[in-house]
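The values are calculated or read from the model by the stated rules, or taken from the named source; none is laboratory data. Worth saying up front: this structure is predicted, and the values here are computed from it rather than measured. Backbone-built Cβ (ideal geometry, glycine too); neighbour counts: all protein chains shown.
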Amino acid sequence: MCTSTSLLLNDEGGFAPGGPTPGGWYSVTCINRLTGASTTQTEWITSQATATPSTPSPVPTIDPRVLAVQAESSLRLPTPTLRFNPAASSVVNLPTWLWIDPSIWHQLSVTATAGSVSATAVATPQSITWQMGDGGAVVCPGPGRPFDLTVPAEQQTTECDYTFRSSSLGQQSSDGNPDDAAYSVRATVTWAVSWTAQGAPGQGVLPSLTTTGAASVRVVQIESIDSGVFGLSALYQLSEVGEDPA
């Protein structure tokens, strides 16, 4: 426990200040509670009423783009599920319709926050690159259009199809049966990523992301397709249910 007594005589006697002003000289006596011993010394005590406040610790600067990159890394983008028509077996020289589940074709976003600053990363699907397994590829601007078996093929169109020029005979077979040999098809969705900040200025774009799905496609050779014996609807529908129109 310590007590202090102002030493006005020291202040008035011309003693130099012993610290920041305003302030004054004091006799400070402290008693040790355990031993009862006391010590007295003269100290300069700055007036608390007018003391200069201590400088607050600097607030760390938060880079909103760093938060945006963190948000992008937390995005969980769906893997595309591949769809085809004909579904059971594609046919040489017959356009194969390509599409993915359209329910995944929408924006996805994640927000990261640090202190009063937040950044939101938004992923938007842009295109799909189809690697068809025979060396060919096609880029489609959207998820593709599902083939409708209730509508004649001649009355349907799609912006996403591919025509195989050779059968899949000789390719790998999942069950070892050479008749089940198939091309390995991969579809990669490219997602553009943008970001905006809240609580601090900032916006822009981030590196694009991709998600990839895979499937096997059996391609058969049907000689009669070039002779016009079967219409397109018959070929699509028969292949859909796994029958051989040849």
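Within region 63-94, restricting attention to residues that are buried (at least 19 other Cβ atoms within 10 Å of the Cβ) and hydrophobic (A, V, I, L, M, F, W, C), which residue is farthest from residue 182 (Cα to Cα)? Per the stated criteria, the residue is 67.
So that you can scan it fast, the table gives a plain yes or no per residue for (1) modelled with pLDDT of 95 or more; (2) out of contact with any Asp or Glu (no Cβ under 9 Å at 6 or more places or on another chain); (3) surrounded by fewer than 13 Cβ atoms within 10 Å (Cβ to Cβ):
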residue	(1), (2), (3)
99	yes, yes, no
111	yes, yes, no
117	no, no, no
122	yes, yes, no
131	yes, yes, no
134	yes, yes, no
138	yes, no, no
144	yes, no, no
149	no, no, no
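No other residue among 51, 16 is of a type in the set (A, V, I, L, M), at pLDDT below 65 and not assigned by TED's automatic domain parsing to the domain that holds residue 206 apart from 51. Of everything in region 151-173 that is hydrophobic (A, V, I, L, M, F, W, C) and assigned to a loop (DSSP other than H, G, I, E, B), the residue that is surrounded by the most Cβ atoms within 10 Å (Cβ to Cβ) is 164. Among the residues of region 201-218, those identified as of a type in the set (Gly, Ala, Ser) and surrounded by 16 or more Cβ atoms within 10 Å (Cβ to Cβ) are 202, 213, 215, 216. Figure legend. Inter-residue proximity from region 131-145: first residues among the aliphatic types (A, V, I, L, M), second residues buried (at least 21 other Cβ atoms within 10 Å of the Cβ), beta-carbon distance below 6 Å, spacing 6+ or different chains. Indicated pairs: 132/185; 138/130.
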